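To start, the structure under review is shown below, and the notes come after it.
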């Protein structure tokens with residue numbers, strides 16, 4: 001089964017999606033389940049994981065509702081107020097819907113690069129394991145040292161690194177991202193998504209060869225058993241169609257064994273998110 005482990009849905013309004021700058025104007029409209037179904041069918045993707053794009057519980061509820069009958073969505077990574085002392089009650093309420101598989105906070109937009117090391121944030125993370133929920137890590141590469149510290153505080157929590165930690169693909173820079181990724185990957189409770197790469201490259205001129213060194217590094221570091229495919233749709237559309245990215249991904253893994261391709265293309269996501 002082919003699983004897209006990372007995409008978004010939204011009902012667009014300028015106030016809540018202020019991060020969509022002028023160069024992202026193509027994103028400034030609704031992207032809903034029928035749109036998702038269309039791109040998945042075109043690319044032979046069987047199911048998906050919807051991931052939060054806003055810091056509201058209301059959006060989590062919207063995504064859980066979207067994952068109803070007839071939707072390709074097999075699981076939801078939502079948002080909850082992790083620094084709130086009552087976050088456990090919020091999680092218990094949301095978990096009444098079995099579609100909730102994990103939680104994410106937009107760490108790379110926090111003014112404090114050490115936000116993830118806050119005691120209240122870590123207390124919130126500690127509420128996830130008992131509820132069998134994953135945590136998606138959304139960072140820039142400069143946050144990798146802090147991320148290693150975060151993971152070390154929660155050795156039994158399942159973490160999933162989004163967008164290979166957003167390396168500087170546009171500039172072709174590998175270090176220190178490479179060394180920090182290798183160190184993070186030594187933690188066996190961390191998975192990694194092959195997603196968000198083309199939007200870190202030059203949107204207009206990227207080619208597979210620009211992405212290959214970064215893919216090869218995470219493949220060596222995590223192995224096929226801890227890598228999973230994600231589209232980051234519709235954000236990906238500022239640099240690529242959904243189909244072009246899925247075709248590029250399949251080209252990147254084409255020389256791997258059939259079992260490895262199956263694992264990265266769907267098996268890892270099914271395991272990590274319990275789909």
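Throughout, read-outs are computed from the coordinates displayed, never taken from laboratory work. Nothing here was measured: the structure is a model prediction, and the numbers come from that model. Glycine also receives a Cβ, built like all others from the backbone with ideal geometry; neighbour counts cover every protein chain displayed.
Annotations
- Residue count, region 126-143 (criterion: closer than 17 Å to residue 218 by Cα and out of contact with any strand residue (DSSP E or B) (no Cβ under 9 Å at 6 or more places or on another chain)): 3
- The listed residues are 169, 139, 181, and the only one of them that is under 14 Å from the mean Cα position of the chain (by Cα) and surrounded by 19 or more Cβ atoms within 10 Å (Cβ to Cβ) turns out to be 139.
- Within region 7-37, being in a helix (DSSP H, G or I), under 19 Å from residue 108 (Cβ atoms) and in contact with a strand residue (DSSP E or B) (Cβ under 9 Å, 6 or more places away or on another chain) holds for one residue alone: 27.
- Residue-level check: of (1) touching a residue at least 40 places away in the same chain (Cβ under 8 Å); (2) closer than 14 Å to residue 190 by Cβ, residue 132 misses just (2).
- All positions within region 107-121 that are surrounded by fewer than 16 Cβ atoms within 10 Å (Cβ to Cβ) and touching a residue at least 12 places away in the same chain (Cβ under 8 Å): 109, 113, 114, 117, 118, 120
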